[in-house]
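K.L.:
Submitted below is the structure of interest, expressed as C-alpha cells.
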Amino acid sequence: MASPSPAQRTVFLHVGMHKTASTYIQRRLVKNRDLLQKNGVLLPARRQQNNTLLKAIVQERWKPWGRWLKRAEVRTCNLLISHEALSSSLHQICRDGETSHGQWLADQLNRCGWKLKVIGFIRDQESYLNSRYTQLVKRLAVRCDFSTYTAKVMRGNTISECDLITLFGWLTGLPEIERVMIPFGASRDHHGRGLSKRPDHFRQLSEELALPEAMISRCKPAPSRNQQPGRLGVALALEISRFLERHQPIALTHHSKQLRGGIERMAKAKGWPAEPFNGLESSIQQAIRHRYRASNAEFCRCFWPEMTWSELFESHRKESSEPSGTSREEDVELNACRRKVIADNLPAQMVNELPG
C-alpha cells in the first residue's frame, strides 16, 4: 500500500463489537506493527494507549488524538485504532446533548484534513449474549443467572448493549464516514458471498485497510487465548463471586484478577472448556429473537441492503437443547474447588476470616 497523501489520510477505527475476536485481532496487529507501519498503517503498541484514546473520546478531549495524528503524519501513515469498547462509546451523546461521540470525532478529524473509516464486526445477539455472559461471570463482574442477565440487557443501557441500531445508528446520518460492517459467525461475508469455512478475522480487517495481499500473507500468526471456562467453570465463578460477595466483598475489588486466573487454571486442569456453557434455553432464545428482530431488520436495510438477517445468521442457527444444571456430585466438587481457588489466590489473613 502506497503511503497516503495528505488528501487521502484516514483514521481507521476497528470498533469491535465485544466477543468478535477483537483480542485475537489486536494481538496480531501488535505482533505485526512494524510490517504494518512499513505499509502505511500506524497503530499504538500498547493497550493502554488505545484506552487513553477511547477515554479522550468519552471526555471530548482532542489533544491525545492530535498527538497521534502528528505521529502518523511524520511517518506518512494512516492511523489505526482498535478497541472493542468503541462500539458502545461512539453512539453516546456529547455534553451538547445532540452530537454523538462518533460525529464529534469525525468533525475533529475533518478539521485536520483526515477522513474516518469505521470497521465493525457484527454478531447475532443470541451467541453474543451467551459468550458475553461467560466472559463477565469469569471476570467476577456478574453474579446473576443467565436469564436475569439477558432480561436486564434487553431492557437496554448496559455494558452488554447489543441493539445494533442503538450502537451504530449514529452512522446512518453521516454519509461522509466510510463504514464496513462484517458479519461474525455468519453464512456470508459483507459482500454477500457464501462462506465455506470460517474466515480469518485479522485478514478481513487487513483487507479493509487496503493492504496488499503479499503483505497480509507475511503477517506473523498469533494465538487466540480468550477461551471460555466451560459450563462448570462458569458455575465455579458464580460460586466464588456469590460466596465472597456475602463474606468478603473487598476480595472481589482487590483480588479479582488473581481469582480469575485461579478459575481459568482450575477449569483447564479439569478439562471443563470441552463442555461450553450454554444458557440458551428455548424460552430465552425466543425472547432474544423477538426483542431484536425489528432492529436487526433496520440494521440490514442500512448496512447490508442486499441481504436479510435470516440469510446471514438464522440458516446457521441450531435450536438449543435445554441446558442442564449441576448434579449433586458436581455441586460437591464445585464447593471443594471454590475453597481451593480462594485459598490459593487470596492473602492468608483474608482466607482465615472466611467461614469454612
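The values are calculated or read from the model by the stated rules, or taken from the named source; none is laboratory data. In this text the structure is predicted, and so the values were computed from the model without any measurement. Cβ placement follows ideal geometry from the backbone for every residue including glycine, while neighbour counts extend to all protein chains displayed. When the accessible area is computed, the model is the full protein with side chains, heavy atoms only, and any ligands, DNA or RNA have been set aside. Shrake-Rupley method; radii C 1.70, N 1.55, O 1.52, S 1.80 Å.
K.L.:
Quick one: ASP163 ticks every box in (1) free of Cβ contacts under 8 Å to residues at least 60 places away in the same chain; (2) open to solvent by less than 20 Å² (accessible area, probe 1.4 Å); (3) among the charged types (D, E, K, R) except a single one, so which number is it?
P.N.:
(1)
K.L.:
Looking at ASN32, ASN110, ASN50, which is the one that is open to solvent by 10 Å² or more (accessible area, probe 1.4 Å), in contact (Cβ under 8 Å) with a residue 24 or more places away in the chain and farther than 28 Å from GLY156 by Cα?
P.N.:
ASN110
K.L.:
Among the candidates LEU13, LEU29, which residue alone is at pLDDT 95 or above, touching a His at 6+ places or on another chain (Cβ under 9 Å) and not in a helix (DSSP H, G or I)?
P.N.:
When all the criteria are applied, what remains is LEU13.
Conditions (1) crowded, with 16+ Cβ neighbours inside 10 Å; (2) touching a strand residue (DSSP E or B) at 6+ places or on another chain (Cβ under 6 Å); (3) at pLDDT 95 or above, marked per residue:
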{"site": "ALA269", "(1), (2), (3)": "no, no, yes"}
{"site": "ARG289", "(1), (2), (3)": "yes, no, yes"}
{"site": "PHE299", "(1), (2), (3)": "yes, no, yes"}
{"site": "PHE313", "(1), (2), (3)": "yes, no, no"}
{"site": "GLY325", "(1), (2), (3)": "no, no, no"}
{"site": "ARG338", "(1), (2), (3)": "yes, no, yes"}
{"site": "VAL341", "(1), (2), (3)": "yes, no, yes"}
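K.L.:
Taking into account only those residues within the stretch 181-208 that are over 30 Å from TYR149 (Cα atoms) and in contact with a His (Cβ under 9 Å, 6 or more places away or on another chain), which is least open to solvent (accessible area, probe 1.4 Å)?
P.N.:
Filtering first and then ranking leaves LEU205.
K.L.:
Right, next: Within the stretch 118-128, is there a residue that is exposed (fewer than 15 other Cβ atoms within 10 Å of the Cβ), outside any loop (DSSP other than H, G, I, E, B) and at pLDDT 95 or above?
P.N.:
Among the residues of the stretch 118-128, not one is exposed (fewer than 15 other Cβ atoms within 10 Å of the Cβ), outside any loop (DSSP other than H, G, I, E, B) and at pLDDT 95 or above, which makes the answer no.
K.L.:
Can you name every residue in the stretch 239-267 that is open to solvent by less than 20 Å² (accessible area, probe 1.4 Å) and not aromatic (Phe, Trp, Tyr)?
P.N.:
Listed by number, the residues that qualify are ILE240, SER241, LEU244, ALA251, LEU259, GLY261, GLY262, ILE263, ALA267.
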